[in-house]
Amino acid sequence: MTNTITDVTSPSGAPTGVRHTSTVDTDLFRIGDQTNQIRGVQHYRVSLQIDGLVTPTDSGDELAWEAVDAVDTLARNEASFTIEAPGAATSSRCATDLQPAGSCPITSNDSGVSASVRDLAAADAVRINVTYPSGTFTDVSEDYTVHRTLADRFPLTAVDIIGGLAFGLIGLIGSVGYALTQGRD
């Protein structure tokens, strides 16, 4: 999955510089300027293109997007999200950590899906799920990438563990024996 911010504007005049940090499973975009402190409520419009977010299933092409991550440290008075797709959605749902449960209204029409939330505190996530008819998106296929770790390269088996314990025990016995024989001058 690749994310690209295509445009950032601020009708309130806030800085719109973008810094992008990417890890194995996260793309983090920081908007603004660390050296320029701005006070008051600021408004941003961010256009984001996400490739590889749609998964083909038996019920259709499913889009599952965590629009605001639960580790986000920024509170928001209001946030709105619009998803433009080449076809109309068959179902859509927006979920948040906010109460009451209906605090993330979502609407759908032929031109896209829109959701909005108010009073979003820091660490509140917003998840949007939309299903489109199969074939709405071209070149959609399920693809998985294996991220290798050190444990994948050197798996531990029972023989490895028993052998390690045996070597440790031999080393301990040898150390104690050496200390006993050398400690008597």
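The values are calculated or read from the model by the stated rules, or taken from the named source; none is laboratory data. Small disclaimer: the values here were computed from a predicted structure and weren't measured. Here the Cβ positions follow ideal geometry from the backbone for every residue, glycine too, while neighbour counts run over all protein chains shown.
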field: Which listed residue is of a type outside the set (Ser, Thr, Tyr) and more than 14 Å from the chain's Cα centre (by Cα), from ASP69, ASP33
entry: ASP33
message: So, in the range 1-60, exactly how many residues are in contact with a Ser or Thr (Cβ under 7 Å, 6 or more places away or on another chain) and of a type in the set (Phe, Trp, Tyr)?
response: 1
- prompt: When you scan the range 27-43, how many residues do you find that are closer than 17 Å to VAL68 by Cβ and either in contact (Cβ under 8 Å) with a residue 12 or more places away in the chain or in the same structural domain as TRP65 (by TED's automatic domain parsing) (or both)?
  reply: 7
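For residues that are in a loop (DSSP other than H, G, I, E, B) and among the β-branched types (Val, Ile, Thr), scanning just the range 1-43, find the one that is surrounded by the most Cβ atoms within 10 Å (Cβ to Cβ). I'd like the intermediate steps shown before the answer.
Keep residues of the range 1-43 that are in a loop (DSSP other than H, G, I, E, B), which gives 1, 10-17, 23-26, 32-43.
Okay, now just the ones that are also among the β-branched types (Val, Ile, Thr), so 16, 23-24, 26, 35, 38, 41.
Numbers: THR16: 16, THR23: 7, VAL24: 6, THR26: 10, THR35: 6, ILE38: 13, VAL41: 10.
Filtering the range 1-43 for residues that are in a loop (DSSP other than H, G, I, E, B) and among the β-branched types (Val, Ile, Thr), the one surrounded by the most Cβ atoms within 10 Å (Cβ to Cβ) comes out as THR16.
Could you please let me know if THR2 is touching a strand residue (DSSP E or B) at 6+ places or on another chain (Cβ under 9 Å) and assigned by TED's automatic domain parsing to the domain that holds ARG118?
Working: touching a strand residue (DSSP E or B) at 6+ places or on another chain (Cβ under 9 Å): yes; assigned by TED's automatic domain parsing to the domain that holds ARG118: no.
Against the criterion (touching a strand residue (DSSP E or B) at 6+ places or on another chain (Cβ under 9 Å) and assigned by TED's automatic domain parsing to the domain that holds ARG118), THR2 does not qualify.
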